[in-house]
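Working notes, structure below.
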Amino acid sequence: MSSRASGETAAPVPAPRELDIADLASESVIIFDTAGVIQYWNPASEALYGWPALAMVGRGIGHLSSRTADEDEHWRLLVQEGVWQGLVSRRTPSGAMVAADVRQYVRFNNDGTPRDVVEYGQRSSSDAAGDGADWHIPDRKMAASWEIDIGGALQKIGEIAAFRRTGAAADRALLNTLGLELVQATRIIDVNDRVMRLVGGNRGRELLVGQSVASFWPIESRTALADLIVDAVTGGTPDVTYRRQMPSDGILRDPLVTVWLPGDGGPPNRVLVAVNGTADDDRSFLYLRASEARYRKLVQFMPMALWQVDASHMGKIYAELRGQGVTDFGAYLDEHPDLIELAANTVPVTDVNRAAVEMFGAAGALDLMRPVGYLFTEMPEALRNVMIGRFNGQQNHAEPIKVRTLDGRVLDVQFSITYPKPPAELDVTVFSMVDVTERLSIAAELRQLQADFAHAARISTLGELASSIAHEVNQPLAAIVTNAETSLRWLSRGEPNVEKAKELTARIAASGRRANEIVQRIRGMAAKRSPERVALDLNEVVRESLGFVRHEVESRGIRVTADLGRDLPPAKGDRVQLQQVIVNLLVNAVQALEAASEADREILIGTGLGSDGALNVMLRDTGPGIPPDDLDRIFDGFFTTKEEGVGIGLAICQSIIAEHGGAIAASNPAAGGAAFRFSLPVSE
Ligand code: ADP
């Protein structure tokens, strides 16, 4: 305690726990320092004497006593004797006197010097006005007390006082506006616990201090409060109280508001306000406190990072804008980016949990309890989205965003926000963030692995097609050789036939180009490249894929029938990946047909547009079909029934088609054999 002389021995300060218990005592408990200055004043003292702790702590009890002169003498005796018991008479804010039976004990330090005085008291049984009924409910009787700074409101106070004198006070509307402005211009110096519980939400006291009273005072009774402040200031006498019953405001029932100037000779421009009334919530103080503690614990230890945010003043701005007819808030924000700036700089974070402190690498919660702007430095557009969600009356909003932590890391987080539901008593918006940085990097690694895998599978398919490829490249090469030889013969005649040689040379060039095309196509399949999405002619992709397996098909006497739909819209996809899918299905069909007699080897391939607007590719063979038990396993990785099989072909087909936004399925048609069908979205 500040007034105590330094250099004292043993720790004399009452333990906080001791005071916690005294807070709940039904008896008045007051602690004085040895000079008689009040150090502590419990809720029961507030109830008994009517003065809030804010008004009493730091003052001598003498000014409540009718015989001030006796008080000093009494104090001297008490410190000498160590204990005193008797009847005291003290003044309440209304000016009435209350009689109380009190017991005063001096507590001593280890070295025998007096430490402080504890007084226990209760209304004297001789006091007629006694109503003991509320003794056991300290919170109901405890005033919500405010110490406020009216320095910034002096001009408004002067204006209202002047209006009263000139009779212009009849203009209620004007007076009302002035009253609202007056309260707006006041600042909170301190409040007691009850104010915190009633209007503070989960804010810490330090976040209320310095704010305007208007931010917390119900709008219905703000002008009435202004009136009382003007009364007290124009009255000018300290400790003279002005009170008024105010309408219920959703927080307190029939609150009684008392305003006075403090008589403690402290700094100027201070006004004390005490509000008495029963909380509109019928649950008891202890019940609320327990449930709040449970709730706080729950939130505190939740593994998800949580921010509690008070965007009430933005809510008011939105309401005004709606009133002005603004409907497209996104467009409005584009024209008024300063509003986003305002939100970033003025919407305070009022509480955070441990997970948030950890996620942001903060030293403590206070580091994060400042305007929300720091959450959106990496992605200012996310704040814009948050504001639009609230404006549009959404209940929630979620999006993946990037945030920069206090120690400079950039995290990928899944961000979501729950807006207050009107008409909420407390404007509490909750932000939550889950760090998905690791999850995203695993997903990226997985995508890379899958791509590598698909690439490996393509190479292995090309390996399987080696003879086909050799055959295909051989054809133009053979043609080149033949044509070159013939051309040579024409030229080496007695009379060279230049015309013939020209014709043959043109054919050689064409064959060369053809060979080059084949090599390019195979290179495309073999190259490692990232996929691209372009508009493709699906039938062309099918024809190219057939080119890969032509030799395979011809050498085995397989008949291929292509039934390609006409005038199909372009597909959207990656050419090489789609070729890979079709070639895979064709190779499987060719392999399945080994089991069939040569006369029955047939592959049907078709394309078309489904009734659902998606493109379809259908491929059927006349092989043995897929054993029904295997039907739902063939797309699994490493499922194979072949001796030399690896079992990744269909797994890759499925992942490629899924990545394209389509679906693939296998079936055994009634006519026999196996059928595969996949769909692909149309390119817009
Ligand atoms: P692999 O060809 O290496 O076995 P796939 O994933 O391409 O790997 O095929 C998996 C399995 O699906 C094959 O082993 C086979 O049992 C079955 N399968 C695929 N295509 C056909 C088909 N056209 N007819 C019958 N069974 C097939």
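The values are calculated or read from the model by the stated rules, or taken from the named source; none is laboratory data. Note that this is a predicted model, so its numbers are computed, not measured. Backbone-built Cβ (ideal geometry, glycine too); neighbour counts: all protein chains shown. With ligands, DNA and RNA removed, areas are computed over all heavy atoms of the protein, side chains included. Shrake-Rupley method; radii C 1.70, N 1.55, O 1.52, S 1.80 Å.
See the values below:
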read-out: For F678: the one exception among (1) in contact with a Leu (Cβ under 8 Å, 6 or more places away or on another chain); (2) in a strand (DSSP E or B); value: (1)
read-out: Members of segment 224-247 that are surrounded by 15 or more Cβ atoms within 10 Å (Cβ to Cβ), of a type outside the set (V, I, T) and over 19 Å from G179 (Cβ atoms); value: D239
read-out: Residue selected from segment 655-674 under the condition closer than 18 Å to K572 by Cβ and touching a Phe, Trp or Tyr at 6+ places or on another chain (Cβ under 7 Å), by the criterion nearest to the ligand (Cβ to nearest atom); value: I664
read-out: Segment 590-618 residues that are among the basic types (K, R), paired with ones that are open to solvent by 30 Å² or more (accessible area, probe 1.4 Å) (beta carbon under 8 Å, 6 or more apart); value: R601/R556; R601/G557; R601/R559; R601/T622
read-out: Residue selected from segment 344-368 under the condition out of contact with any helix residue (DSSP H, G or I) (no Cβ under 7 Å at 6 or more places or on another chain) and more than 27 Å from F216 (Cβ to Cβ), by the criterion surrounded by the fewest Cβ atoms within 10 Å (Cβ to Cβ); value: A363
read-out: Residues satisfying the stated conditions in segment 634-647, i.e. within 6 Å of the ligand (Cβ to nearest atom) and either assigned to a helix (DSSP H, G or I) or not small (G, A, S) (or both); value: I634, F639, T640, T641, K642, V646
read-out: Test: residue in segment 216-223 that is modelled with pLDDT under 80 and either open to solvent by less than 30 Å² (accessible area, probe 1.4 Å) or in contact with a strand residue (DSSP E or B) (Cβ under 9 Å, 6 or more places away or on another chain) (or both); value: no
read-out: Test result for R575, closer than 28 Å to R521 by Cβ, over 47 Å from the mean Cα position of the chain (by Cα) and either surrounded by fewer than 15 Cβ atoms within 10 Å (Cβ to Cβ) or away from the ligand (no atom under 12 Å from the Cβ) (or both); value: no
read-out: Residue list for segment 600-626, restricted to those being of a type in the set (A, V, I, L, M, F, W, C) and open to solvent by less than 40 Å² (accessible area, probe 1.4 Å); value: I603, I605, A614, L615, V617, L619, I626
read-out: Qualifying residue in segment 190-202 (condition: buried (at least 20 other Cβ atoms within 10 Å of the Cβ) and of a type in the set (K, R)); value: yes
read-out: Whichever residue in segment 632-654 is of a type in the set (A, V, I, L, M, F, W, C) and closer than 24 Å to D574 by Cβ and, among such residues, is surrounded by the fewest Cβ atoms within 10 Å (Cβ to Cβ); value: V646
read-out: A596 touching a Pro at 6+ places or on another chain (Cβ under 9 Å) and within 19 Å of H551 (Cα to Cα); value: yes
read-out: Any hit, segment 430-438, residues being touching a residue at least 12 places away in the same chain (Cβ under 8 Å), part of a helix (DSSP H, G or I) and open to solvent by less than 30 Å² (accessible area, probe 1.4 Å); value: no
read-out: In segment 124-153, residue modelled with the lowest pLDDT [restricted to those that are open to solvent by 60 Å² or more (accessible area, probe 1.4 Å) and touching a helix residue (DSSP H, G or I) at 6+ places or on another chain (Cβ under 8 Å)]; value: R140
read-out: Matching residues, segment 595-633, being away from the ligand (no atom under 12 Å from the Cβ) and of a type in the set (G, A, S); value: S597, A599, G606, G608, G610, S611, G613, A614
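Results for (1) charged (D, E, K, R); (2) within 12 Å of the ligand (Cβ to nearest atom); (3) open to solvent by 60 Å² or more (accessible area, probe 1.4 Å), shown as yes or no for each residue.
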position	(1), (2), (3)
S555	no, no, yes
A562	no, no, no
A571	no, no, no
A592	no, yes, no
